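Trainee: This is the structure I have questions about; it appears just below.
Read-outs: derived from the displayed coordinates by stated rules, not from any lab. Keep in mind that what you see is a predicted model, and the values were worked out from it rather than measured. In this analysis, Cβ positions are derived from the backbone assuming ideal geometry, glycine residues included, and neighbour counts consider all displayed protein chains.
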Amino acid sequence: MMRHIEDRGALSLLELLAAVTILGIIAVLIVSRVTAGTDRAKETSCHHTRAEINITVERYYLHTGIWPANDLSDIAADPNYFPEGILPCPVTGAAYRLDPATHRVIGHAGATDHSP
């Protein structure tokens, strides 16, 4: 024989725990997807910025006959090349620099851009 509870107005502790657990799982899934998307966007932004700097470094070399400083201080200060300066790497916040051997931009964690 089953007991019947009439006019039950409150949740049991077990029901509340199940609801909180489900909401927690959903929140973890959503946050992880948003975080992964943000990281991908930063990586893509870093790649595009390195490519833009590489093009400008080559243009600087063609105009002056010398490579810019490895820390890019001279080209960053010249408003003809970067009127608003060079933004830092969006992944690490560190300044971009040139590899002294290849004169290519080095981004976060030593990542280099090998595009022409």
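Trainee: Once both labels are modelled 7 Å past Cα along the beta-carbon direction, what's the residue 34-residue 16 spacing in nm?
Mentor: Using points 7 Å along Cα→Cβ, the separation is 2.6 nm.
Trainee: Using Cα pairs under 8 angstrom and six or more residues apart, how large is the relative contact order of the stretch 13-110, in percent?
Mentor: The value is 22 percent.
Trainee: Assigning unit charges at the beta carbon (Lys, Arg +1; Asp, Glu -1) and nothing else, what dipole magnitude in debye, to the nearest 20, does the stretch 13-110 show about its Cα centre?
Mentor: The dipole magnitude comes to about 200 debye.
Trainee: Here's another thing I want to ask about it. What Kirkwood Rh does the stretch 13-110 have if only Cα atoms enter the pairwise 1/r average? Answer in Å.
Mentor: One decimal place: 16.0 Å for the Kirkwood radius.
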